[in-house]
Number of protein chains: 2
Amino acid sequence: MSDHKTQQYDAFMVAALDQAHKGGDAGDVPIGAVVVCHGQIIAAAHNRRIIDADPTAHAEILAIRQAAADLGDWRLGGCTIVVTLEPCCMCAGAIILARIDRLVYGAADPKAGAVDTLYQICTDRRLNHRLEVIAGVRADQCAALLANFFSRQRAMGKK
Amino acid sequence: MSDHKTQQYDAFMVAALDQAHKGGDAGDVPIGAVVVCHGQIIAAAHNRRIIDADPTAHAEILAIRQAAADLGDWRLGGCTIVVTLEPCCMCAGAIILARIDRLVYGAADPKAGAVDTLYQICTDRRLNHRLEVIAGVRADQCAALLANFFSRQRAMGKK
């Protein structure tokens, strides 16, 4: 990694990857997220869609809700969210609604990514908030974790 | 109302409007939603962003989470969600993720609508789920409720 900004968020991506591993171990899709405020992790979560039978239980939504509860405010200005996979429409929308300052993500999501791939929700000038986006931090590691999970699922006859 | 489909969902929009009124009375933005399954309302919620200090606490997200808990499944196939305002990116994304069959909404949202106005997330063929959208049910009543709320907020010096 040569880029200064990418290096700056590397340790937080390691924490997000740790969450992703926990999610995978629990039988859910291995995606993890942390919310950082003043250099400290104030919230950490992994995907819990299957575990909780909740379609909204993506890592980002859970981490945002935790962070807001921690701060006692729905506005997460000053915060950075670090997530292993490019957010979908729901999560990109939630990041905007929470007025988060910065999104750092790992792997791109060619099927549903809503930050750079299919949509550019976090940088859309028509919406009432925009933020800095840093993509590709430990992208290969984040993508490999997902690829291995889905490969194992297929071997077990699940889809 | 002359359209058969619009009439079919009118009673459910009345229930969503009732939720919206409750949200407004509680000091939050008056937006309400219900989830309907086999002709019965299985979940009803209003916006609780301010009340709960939770940026994700839009009526749709709360109603979807309630419905999934009720059914014990993250997949809400067979369900219709009825909401007073055109969903934003977050909520349109959540509706897709929950595999909901049909969205019925009242007023369009010129600033953040992600179903017809700024984006067409619920009918995007690139995503892995699409659904029927019925717009404009009691649109004037839904819009007036919001306009009155914001007018009162301005009169009270809030924004």
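The values are calculated or read from the model by the stated rules, or taken from the named source; none is laboratory data. Fair warning: this is a prediction, and the values are worked out from it, not measured in the lab. Glycine gets a Cβ as well: all are built from the backbone with ideal geometry, and neighbour counts include every protein chain shown. For the accessible areas, the whole protein counts, side chains as well, though only heavy atoms, and no ligand, DNA or RNA atoms are used. Shrake-Rupley method; radii C 1.70, N 1.55, O 1.52, S 1.80 Å.
How about region B:70-129: which trypsin sites (Lys or Arg not before Pro) there lie in a loop by DSSP and see at most 12 other Cβ atoms within 10 Å?
B:LYS111, B:ARG125, B:ARG126
Other residues with beta-carbon under 11 Å from the beta-carbon of A:ILE100 carry, at +1 per Lys or Arg and -1 per Asp or Glu, a net charge of +1.
Per the accessible-area calculation with a 1.4 Å probe, the total area buried between chain A and chain B rounds to 2600 Å². Quick check for me: using +1 on Lys/Arg Cβ and -1 on Asp/Glu Cβ, what's the dipole size of chain A about its Cα centre, in debye to the nearest 20? Computed about the Cα centre, the dipole is about 380 debye.
Beta-bridge orientation, the protein assembly as shown: approximately 55 percent antiparallel, per DSSP, counting only bridges with both partners inside. Tilt of helix A:10-25 relative to the longest C-alpha principal axis of chain A, in degrees (0 to 90, nearest 10)? That helix lies at roughly 40 degrees to the long axis. Neighbours of A:GLY32 by Cβ distance under 10 Å: Lys/Arg scored +1, Asp/Glu scored -1, total -1. Spin-label model, A:ARG130 to B:GLN8: label points 7 Å out along the Cα-to-beta-carbon direction sit 4.2 nm apart.
In this structure, the amide hydrogen of A:THR84, modeled 1.01 Å from its nitrogen in the peptide plane, lies closer than 5 angstrom to those of A:GLY32, A:GLY106, counting only residues at least 5 positions away or on a different chain.
Compute the separation of the alpha-carbon centres of region A:120-154 and region A:1-52 and state it in Å as a whole number. Measuring centre to centre over Cα atoms gives 12 Å. Shielding of peptide B:83-90 by partners, expressed as the average count of other chain Cβ atoms within 10 Å per residue Cβ, is 5.
Once you compute Rg and the Kirkwood Rh from C-alpha atoms, what is the Rg to Rh ratio for region B:68-149? Radius of gyration relative to Kirkwood radius: 0.99. In region A:13-145, Cα pairs under 8 Å separated by at least six residues give a relative contact order of 20 percent.
Between identical copies, the spacing of A:GLN120 label points, each set 7 Å from Cα toward the C-beta atom, reads 2.0 nm from nearest to farthest.
Evaluated at q = 0.16, 0.20 Å⁻¹, a Debye calculation over the C-alpha positions of chain B (equal weights, vacuum) places log10 I(q)/I(0) at -0.83, -1.30.
Here the protein assembly as shown is assigned +1 on the Cβ of each Lys and Arg and -1 on the Cβ of each Asp and Glu. Its dipole about the Cα centre then comes out at about 220 debye. Of all DSSP beta bridges confined to chain A, the antiparallel ones make up roughly 60%. Shape annotation for region A:35-98: C-alpha extents along the principal axes are 32, 20, 20 Å, from largest to smallest.
Let's test the formula: R0 of 45 Å, r as the Cβ-Cβ distance of A:ASP70 and A:GLN153. What FRET efficiency results, to the nearest 0.05? E between A:ASP70 and A:GLN153, to the nearest 0.05, is 0.85.
Across region B:129-144, coupling constants 3J(HN,Hα) worked out from phi with the 6.51/-1.76/1.60 Karplus curve, θ = phi - 60°, read 7, 9, 8, 6, 10, 10, 9, x, 6, 6, 4, 5, 5, 5, 5, 5 Hz, and Gly and Pro carry x.
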